[in-house]
Amino acid sequence: MALDFWKSATTRIKKILTIAAFFLLSLIITIAGVLTPLSPSEASDIKQELEQMRENISVQLIFGNNFMICLAMFIPVAGPVFGCYVLYSTGVVIAAESLSEGLPPLIVFLFLFAFPFTWLEFLAYSIAFAQSVWLTRRIIQHRGKRELVNTCILISICAVMLLIAAIIETALIAMLTQG
């Protein structure tokens, strides 16, 4: 039944479903990082590194970092592997900061979804994951040129999404550090 649906679905529907599946997978991978046990000293060390990075925080830094990660995720085969590592590591950082503040990491992670930048970042990464799979498939089918055009369009869309996310995140960090 499900296979019949997939066969009869348009390419656009298949791509949307693929993005949704990778969104869920991204959440699962990040939650695995969030639930990784850390010693108090590990959590403290990670939090100190994060605080040093926050001293020079800017839209350009956040956007540049997230966009480079997203671009790497578009790479056929290797991109999703790299993306899984990044998402897991992000979860570990969230856990470290949460534990250092005496907060439950999973609740902190879920709370991040109250902010639009989290949704935008996860959606951009999910698009990159999905497009990497589609590009790989089309290359194998010797139809990679057309899919490369779609990839460029999606990279542009992800860039805009990540820029908006970086502006929102930077503004929020500035409000929290000044108040």
Scan region 17-34 and give yes if some residue there is free of Cβ contacts under 8 Å to residues at least 40 places away in the same chain, more than 24 Å from ILE168 (Cα to Cα) and surrounded by fewer than 17 Cβ atoms within 10 Å (Cβ to Cβ), otherwise no.
-> yes
Hey, among PRO76, PRO80, which residue is within 14 Å of GLN131 (Cα to Cα), over 14 Å from the mean Cα position of the chain (by Cα) and of a type outside the set (A, V, I, L, M)?
-> PRO76
Taking into account only those residues within region 41-61 that are within 20 Å of the chain's Cα centre (by Cα) and in a loop (DSSP other than H, G, I, E, B), which is surrounded by the fewest Cβ atoms within 10 Å (Cβ to Cβ)?
-> SER58
For LYS14: the one exception among (1) surrounded by fewer than 16 Cβ atoms within 10 Å (Cβ to Cβ); (2) at pLDDT 95 or above; (3) closer than 21 Å to VAL133 by Cβ | (2)
Failed condition for ALA95, given (1) crowded, with 18+ Cβ neighbours inside 10 Å; (2) of a type outside the set (Val, Ile, Thr); (3) within 22 Å of CYS152 (Cα to Cα) | (3)
Pull up region 145-179, narrow it to residues that are charged (D, E, K, R) and surrounded by 10 or more Cβ atoms within 10 Å (Cβ to Cβ), then point me to the one that is farthest from PHE122 (Cα to Cα).
-> GLU147
Would you point out the residue of region 62-82, among those that are farther than 20 Å from ASN150 by Cα and in contact with a helix residue (DSSP H, G or I) (Cβ under 6 Å, 6 or more places away or on another chain), that is surrounded by the fewest Cβ atoms within 10 Å (Cβ to Cβ)?
-> PHE82
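The values are calculated or read from the model by the stated rules, or taken from the named source; none is laboratory data. All of these numbers come straight from a predicted model, not from anything done at the bench. Cβ: placed from backbone, ideal geometry, glycine included. Neighbour counts: every protein chain shown.
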